[in-house]
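*Asks:* This is the structure I want to talk about, given as structure tokens.
The values are calculated or read from the model by the stated rules, or taken from the named source; none is laboratory data. Because the structure is predicted, anything quoted here is derived from the model rather than measured. In this analysis, Cβ positions are derived from the backbone assuming ideal geometry, glycine residues included, and neighbour counts consider all displayed protein chains. Just so you know, the surface numbers come from the protein's heavy atoms only, side chains and all, with ligands and any DNA or RNA stripped out. Shrake-Rupley method; radii C 1.70, N 1.55, O 1.52, S 1.80 Å.
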Amino acid sequence: MPTPSFGHQLAHTDKKVRDRAIIMLSKFLAENPEISDIDLCKLCYGLFYCFWMSDKVAIQNDLAKSIGSLALHLEPLLALRYLSAIWRIMVSQWTGIDHLRLDKYYTLLRTMHYFGFRFLERMGWEDEYLDEYLCILRSGPLEQQESKVPDGLKYHTVEVFFDELEKSTSNNFEPGVGTQLVLFMLGVFVESNNQVLQSRIIDEVQSKLTEVSEDRRFPCHQNDINALILKHTHGLNGSATKKLKGLLSEDAAMEPEDEGFKAFSEVLKRGTKKELVVKKRKHDEDTEEVVDETNEENDTTPALPAVKVKKVTFGKDCVKRTRNLFFESNQMDQNRKKTSSQ
């Protein structure tokens, strides 16, 4: 089935026309779960400019909720593809947003995180959907390999991640889910060379682990988090290692009576987890290359979340081609209207 042209209606100056287009778009997606990636990306461009045209805070909030909640009314796979398309459009268009519109797009980003977690809660926090969603974030606003992702978008994502998680779910999930979310953020920390981003990640994780809400802590398995940090501290630079140790030396983030905590504290004092042997010293640098001589088969340290995106990735040129198609579609609509009026 050919994709209807929603571009002109979504970017219309009349709010009533835009509202009708949102309703039609919702129905179309619900009835066409097999829509192609390029068409889905094209529709998300329309939503981006629909939000661009919205004025007044109340209207913007309502529209942000409509765009975000759409994921709750689609089939699970399509919902993930929809969220992925939205984030890719936001990344590609972020630098083109003027400072007058920036605040309202921050609102849209918060809302997308909120409904992303609502979607996961609706799916019962199943590993398949949780892994896919985190991969979407890792390949979107938290992408570390692509310099095209603006730092401001990364900082904002880190700052609102746990806030929107709590708003959408009240932290009502199993400790295993909380552990995976914390490890995800620490995985971004390990991959990043941006010290500002690293500091913000540490601040947010530390705040969440030490926070007590309604006499209960953030649900997670602290020992797994400790083990992962111990595994990676010796592979980071001195500043990053210090930040991680600063995070985990807070007594409020652990259970002091736990034997694992006591052992972990001793390890922190020693500054290393395993027997490390200096293999080669570089005379012209202050760094050392070290080799781990422990038995890898007995290492039960949790690995970082796998960085892979399946089923929801778009081609490299998808965003660029979609943008052209979007504007071509609008031009065709205008030409048809001119022809019909003549």
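*Asks:* Residue check: is residue 92 surrounded by 15 or more Cβ atoms within 10 Å (Cβ to Cβ) and more than 25 Å from residue 168 (Cβ to Cβ)?
*Replies:* Considered against the rule, which asks whether it is surrounded by 15 or more Cβ atoms within 10 Å (Cβ to Cβ) and more than 25 Å from residue 168 (Cβ to Cβ), residue 92 comes out as yes.
*Asks:* With respect to residue 154, determine if the residue is in contact with a Leu (Cβ under 6 Å, 6 or more places away or on another chain), among the charged types (D, E, K, R) and farther than 25 Å from residue 75 by Cα.
*Replies:* It is true that residue 154 is in contact with a Leu (Cβ under 6 Å, 6 or more places away or on another chain), among the charged types (D, E, K, R) and farther than 25 Å from residue 75 by Cα.
*Asks:* Still on this model: Could we say that residue 175 is open to solvent by 40 Å² or more (accessible area, probe 1.4 Å), out of contact with any Lys or Arg (no Cβ under 8 Å at 6 or more places or on another chain) and more than 18 Å from residue 159 (Cα to Cα) here?
*Replies:* So residue 175 passes the test.
*Asks:* Specify which of the listed residues (252, 227, 240) is among the small types (Gly, Ala, Ser), surrounded by fewer than 13 Cβ atoms within 10 Å (Cβ to Cβ) and either at pLDDT below 85 or under 26 Å from residue 86 (Cα atoms) (or both).
*Replies:* Answer to the selection: 252.
*Asks:* Let me ask another. Please determine, by comparing only the residues of region 52-70 that are modelled with pLDDT of 95 or more and in contact with a Leu (Cβ under 6 Å, 6 or more places away or on another chain), which one is farthest from residue 134 (Cα to Cα).
*Replies:* Residue satisfying both the conditions and the ranking: 64.
*Asks:* Does residue 136 qualify as being assigned to a helix (DSSP H, G or I) and modelled with pLDDT under 90? Steps first, answer last, please.
*Replies:* On the way: assigned to a helix (DSSP H, G or I): yes; modelled with pLDDT under 90: no.
Against the criterion (assigned to a helix (DSSP H, G or I) and modelled with pLDDT under 90), residue 136 does not qualify.
*Asks:* From the list 82, 49, which one is aromatic (Phe, Trp, Tyr) and surrounded by 21 or more Cβ atoms within 10 Å (Cβ to Cβ)?
*Replies:* Numbers: 49 fails: surrounded by 21 or more Cβ atoms within 10 Å (Cβ to Cβ).
None of the other options fit; the residue is 82.
*Asks:* Continuing with the same structure: Where in region 1-105 are the helices (runs of 4 or more DSSP H), entirely inside, with at least 2 residues that are more than 21 Å from the chain's Cα centre (by Cα) and farther than 21 Å from residue 121 by Cα?
*Replies:* Where helices (runs of 4 or more DSSP H) fall fully within region 1-105 and carry at least 2 residues being more than 21 Å from the chain's Cα centre (by Cα) and farther than 21 Å from residue 121 by Cα, they are 7-10, 15-31, 37-52, 57-69.
*Asks:* Something else now. Anything in region 139-163 that is in a helix (DSSP H, G or I), within 16 Å of residue 87 (Cα to Cα) and either open to solvent by less than 10 Å² (accessible area, probe 1.4 Å) or in contact with a strand residue (DSSP E or B) (Cβ under 9 Å, 6 or more places away or on another chain) (or both)? List them, or say none.
*Replies:* Within region 139-163, 153, 157, 158, 160, 161 meet the criteria.
*Asks:* Let me ask something additional. Can you name every residue in region 114-133 that is of a type in the set (Asp, Glu), in a helix (DSSP H, G or I) and either within 21 Å of residue 218 (Cβ to Cβ) or more than 13 Å from the chain's Cα centre (by Cα) (or both)? Quick ask: steps written out before the conclusion?
*Replies:* Quick first cut of region 114-133, residues of a type in the set (Asp, Glu) only: 121, 126-128, 131-132.
With the extra rule that they be in a helix (DSSP H, G or I), the set shrinks to 121, 127-128, 131-132.
121, 127, 128, 131, listed by residue number.
*Asks:* Hey, does region 103-112 have a residue that's touching a residue at least 40 places away in the same chain (Cβ under 8 Å), surrounded by fewer than 20 Cβ atoms within 10 Å (Cβ to Cβ) and in contact with a Ser or Thr (Cβ under 8 Å, 6 or more places away or on another chain)?
*Replies:* No; the residues of region 103-112 include none that is touching a residue at least 40 places away in the same chain (Cβ under 8 Å), surrounded by fewer than 20 Cβ atoms within 10 Å (Cβ to Cβ) and in contact with a Ser or Thr (Cβ under 8 Å, 6 or more places away or on another chain).
*Asks:* A further question follows. Residues that are basic (Lys, Arg) and open to solvent by 60 Å² or more (accessible area, probe 1.4 Å): does region 59-76 have at least one?
*Replies:* Within region 59-76, one or more residues are basic (Lys, Arg) and open to solvent by 60 Å² or more (accessible area, probe 1.4 Å).
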